[in-house]
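Worksheet: the structure to be examined is printed underneath.
Bear in mind these aren't lab numbers, they're just calculated from the coordinates by the rules spelled out. Here the structure is a predicted model, which means the values were calculated and not measured. Note: ideal-geometry Cβ built from the backbone for every residue, glycine included; neighbour counts use all protein chains shown.
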Amino acid sequence: MKIIIADYNPLWPVTFLKERHIIESALNGLHPVIEHIGSTSVPGLGAKPIIDILVGLENETQLEDSIPPMINMGYVYFKKYNPVMPYRRFFVRLTPAKGRVIPDTIDAQHDIVGGADFTALTNVHVIVKDTYHFKRHIALRDYLKAHPDVRDEYDALKRGLSQVEFKDGLAYNDAKDSFVKQTGRDAVSWVERTHAN
């Protein structure tokens, strides 16, 4: 499969606001902090047209508490990623491929592939707020906004990768992983220096 990278769309922040309202309704008892992250949150950056949302909760026990209300609001819970990222609960608002029925929870035994079995519309990453992983998502977004040269380098990388055939979206993510991790480290250092002054 090839990954589609769309030009930046000014409607992406509008979609985020709609999704934020739904998530606030679902998790209102948990007092979430909700941020637009990822490439769709950076003006001028091309992206897969999937809105990435970061939800920060107070503590780890609330991660499990988030699952039933998010499923009730129509998100699919990707439990299969918990062993790799135990600090996160991951949800997707999606449209199933024609004739495909997607369960409300996807675990390791499910052979379901994004792009083939469904189209993702929104990815929601639920994490404990103020942890390293929470802060790095915010830092990367803000760093790319403040550094157009790095944003453009990232845009060029993604557009180049969009010409490659990948097994799935995870293989695409792996292909840009080293850039994202290094830029993430640079972003966290930049935020620390900026706030130190």
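Could you derive backbone 3J(HN,Hα) for segment 91-96 from the dihedral phi with the Karplus parameters 6.51, -1.76 and 1.60 (θ = phi - 60°), listing whole Hz in sequence and x where the residue is Gly or Pro?
10, 9, 8, 9, 10, x
Name the GluC sites (Glu not before Pro) in segment 20-59 that are in a loop by DSSP and that have at most 10 other C-beta atoms within 10 Å, would you?
Here no loop site has a sparse enough neighbourhood.
What list of ³J(HN,Hα) couplings, whole Hz, do you get for segment 13-22 from phi and the Karplus terms 6.51, -1.76, 1.60, once you set θ to phi - 60° and write x for glycine and proline?
Result, ordered by residue: x, 5, 4, 4, 4, 5, 5, 4, 4, 5 Hz.
Would you please give the residues with an amide H less than 5 Å from that of Gly114, counting only those at least 5 places away or on a separate chain, with H modeled from the backbone geometry?
When sequence neighbours closer than 5 places are left aside, the close amide H contacts are Gly169.
Mind counting lysine pairs for me in the chain? Cα separation below 21 Å, and the two need to be 8 or more apart along the chain or on different chains.
27
Suppose only helical runs count, i.e. DSSP H with n ≥ 4. What mean residue ellipticity at 222 nm does that imply for the chain under -39500 (n - 2.57) per run, divided by all residues and rounded to the nearest 500 deg cm²/dmol?
-13000 deg cm²/dmol
State to the nearest 20 debye the size of the charge dipole of segment 108-197 about its Cα centre, where the only charges are +1 on K and R beta carbons and -1 on D and E beta carbons.
Computed about the Cα centre, the dipole is about 360 debye.
How would you order 128-136, 62-70, 96-104, 45-53 from highest to lowest mean count of nearby Cβ atoms within 10 Å?
Packing order, densest peptide first, comes out as 45-53, 62-70, 128-136, 96-104.
About its Cα centre, how strong a charge dipole does the chain have in debye, to the nearest 20, once Lys and Arg get +1 and Asp and Glu get -1 at the Cβ?
Charge dipole, the chain, about its Cα centre: 260 debye, nearest 20.
Could you tell me the center-to-center distance, by alpha carbons, between segment 132-170 and segment 6-52 in angstrom?
16 Å
I'd like the Kirkwood hydrodynamic radius of segment 74-121, using the inverse of the mean 1/r over distinct C-alpha pairs, in Å.
Hydrodynamic radius (Kirkwood, Cα pairs) of segment 74-121 is 11.1 Å.
Under 8 Å for C-alpha pairs, at least 6 residues apart: give me the relative contact order for the chain, rounded to a whole percent.
So the answer I get is 24 percent.
As a test, work out the antiparallel percent of DSSP beta bridges whose residues both lie in segment 12-196, rounded to the nearest 5.
Given both bridge residues lie in segment 12-196, the antiparallel proportion sits at roughly 60 percent.
Which cross-chain or sequence-distant (5 or more) residues have an amide H under 5 Å from the amide H of Val128, H modelled 1.01 Å from N in plane?
Those lying under 5 Å, H to H, from Val128 are Leu57.
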